[in-house]
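Here it is, the structure in full.
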Amino acid sequence: MIQPWAGLLVGFSGAFAYYAQSYVTENIFHIDDPLDAAALHMGAGFWGMLMAGVLADPAFVGDDGQEGLFYGGGKQLGYQIMAILAYGTWAFGMSAIMFGSLKYLGLFRVDKEVELMGLDDHHHGGYSYRIKHHHDDETVDLGDTTKHVGNSGSDSDEIAYDNVANTKDEIEM
């Protein structure tokens, strides 16, 4: 639907759309999205859909108004905007139902103690990584790993990552 040069432009600029959406999700809406799924789909995905309406080449879509805005058309851009609104409405609606139901049933978050312990240990009986989280106020013993948590007023938050197994002997244990 678009030329290769336009694909490069959309991909390059899509990275900025992804980064901007990631920043907004985390820093403005304060949503913890460790996989950056919102930024990927809502930022870069919607950007790619929008740009298809701007850069649709008449050689691929015809010249009866279906071409992109760049080529003098506009219908395709309108279709793309309608699709973005439809997909966005569906995704937000389904997410609200799913997350709202989980929150109502008390299944949306784990207990604070489990969160501090880490889900790897609590749910799976082990650690994916040995992480030492140093903070000034409180210490939570995690077996091989110790996490220090609290609010000391300090802005420094130091995390030290240790290898799970440093030697062949540790691996065989």
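The values are calculated or read from the model by the stated rules, or taken from the named source; none is laboratory data. All of these numbers come straight from a predicted model, not from anything done at the bench. Cβ atoms come from the backbone with ideal geometry, glycine included; neighbour counts cover every protein chain shown.
So how many residues does the range 105-121 have that are farther than 23 Å from Ser95 by Cα and small (Gly, Ala, Ser)?
Going through the range 105-121 one residue at a time, the tally reaches 1.
Looking only at residues in the range 11-52 that are touching a Ser or Thr at 6+ places or on another chain (Cβ under 7 Å) and among the acidic types (Asp, Glu), which one is farthest from Gln80 (Cα to Cα)?
Asp33
Then there is this: Pairs under 7 Å by beta carbon, first residue on the phi > 0 side of the Ramachandran plot in the range 33-55, partner surrounded by fewer than 20 Cβ atoms within 10 Å (Cβ to Cβ), six or more apart or different chains?
What qualifies is Asp36/Ser22.
Do the conditions hold for Phe92, that is, is it under 21 Å from Met42 (Cβ atoms) and surrounded by 11 or more Cβ atoms within 10 Å (Cβ to Cβ)?
For Phe92, the condition - under 21 Å from Met42 (Cβ atoms) and surrounded by 11 or more Cβ atoms within 10 Å (Cβ to Cβ) - is met.
Are there any pairs with C-beta distances below 7 angstrom linking a residue in the range 17-32 that is closer than 22 Å to Gly48 by Cβ and in contact (Cβ under 8 Å) with a residue 12 or more places away in the chain to a residue that is exposed (fewer than 14 other Cβ atoms within 10 Å of the Cβ) and of a type in the set (Val, Ile, Thr), with the two at least 6 apart or on different chains, and if so which?
From residues that are closer than 22 Å to Gly48 by Cβ and in contact (Cβ under 8 Å) with a residue 12 or more places away in the chain, the pairs are Thr25/Ile31.
Could you grab me the full set of residues in the range 37-56 that are farther than 12 Å from Phe16 by Cα and of a type outside the set (Val, Ile, Thr)? Please lay out each step first, then the result.
Our first condition is that a residue be farther than 12 Å from Phe16 by Cα; within the range 37-56, this holds for 37-38, 41-42, 46, 49-56.
Matches in the range 37-56: Ala37, Ala38, His41, Met42, Phe46, Met49, Leu50, Met51, Ala52, Gly53, Leu55, Ala56.
Have a look at Ala6, Ala38, Ala52 and point out the one that is under 13 Å from the mean Cα position of the chain (by Cα), part of a helix (DSSP H, G or I) and crowded, with 18+ Cβ neighbours inside 10 Å. Break it down into steps so the answer makes sense when it comes.
Values: Ala6 fails: under 13 Å from the mean Cα position of the chain (by Cα); Ala52 fails: under 13 Å from the mean Cα position of the chain (by Cα).
Ala38 is the lone residue from the list that is under 13 Å from the mean Cα position of the chain (by Cα), part of a helix (DSSP H, G or I) and crowded, with 18+ Cβ neighbours inside 10 Å.
Follow-up question, since we're still on this one. Against the condition surrounded by fewer than 16 Cβ atoms within 10 Å (Cβ to Cβ), part of a helix (DSSP H, G or I) and at pLDDT 95 or above, how does Phe60 come out, does it pass?
No: the conditions fail for Phe60.
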